[in-house]
1. Highest first, please rank the peptides 84-95, 58-69 by the mean number of other Cβ atoms sitting within 10 Å of their residues.
2. For a test of the definition: using alpha carbon positions, the gyration tensor, and the 1.5 limit on a/c, classify segment 1-41 as rounded, prolate or oblate.
3. Once Cα extents along the principal axes in Å is worked out from the coordinates, which option in [x] 53, 24, 22; [y] 37, 30, 21; [z] 30, 30, 21 does it equal?
4. With a cut-off of 16 Å, note down the residues of segment 72-112 whose backbone N falls inside the zone around a label point 7 Å from the Cα of residue 52 toward its beta carbon.
5. So what is the relative contact order for segment 2-111, in percent, with contacts set as C-alpha pairs under 8 Å and at least six apart?
6. Could you state the number of Å between the C-alpha centres of segment 44-101 and segment 1-42?
7. At 0.36 nm per residue, and after removing the present C-alpha to C-alpha distance, how many nm does the segment from residue 106 to residue 8 gain when stretched out fully?
8. Where does the chain land at 222 nm, in deg cm²/dmol rounded to the nearest 500, when only DSSP H runs of n ≥ 4 count, each adding -39500 (n - 2.57), divided by all residues?
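Only the coordinates and a few stated rules stand behind these numbers; no lab work does. Being a predicted model, the structure only gives us computed values, none of them experimental. Every residue, glycine among them, receives a Cβ derived from its backbone with ideal geometry; neighbour counts consider all protein chains shown.
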């Protein structure tokens, strides 16, 4: 079972953990400082708005990829990665999906 954890899958998992810790740190900081989280995203200047739109488009494209790739590989409950991204962060769930996808691909190779 541990043979499915390839170096690439572990790298994706490390990125997922980094994404979770990094985003939750700043989310907690915003809560502690009583910041208007959504307002800060869209009204803190053009650069912040540009990054927000950039990341939103990437998250939507990544969500489409998650659904399509999970269907192609027969991975169940892929929608949970998308829903979980609303509670945690896409910086966590997307690399987590990539890690699980890599494990699935490795398992398919080992089965053949």
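1. Result, highest mean Cβ count within 10 Å first: 84-95, 58-69.
2. Cα axes put segment 1-41 in the prolate bin.
3. Step by step, Cα extents along the principal axes in Å for this structure corresponds to label [x].
4. Counting only backbone N, you get no residues.
5. It comes to 50 percent, rounded to a whole number.
6. What the calculation gives is 12 Å, centre to centre.
7. Fully extending the segment from residue 106 to residue 8 adds 34.2 nm.
8. So the calculated ellipticity at 222 nm is -28000 deg cm²/dmol.
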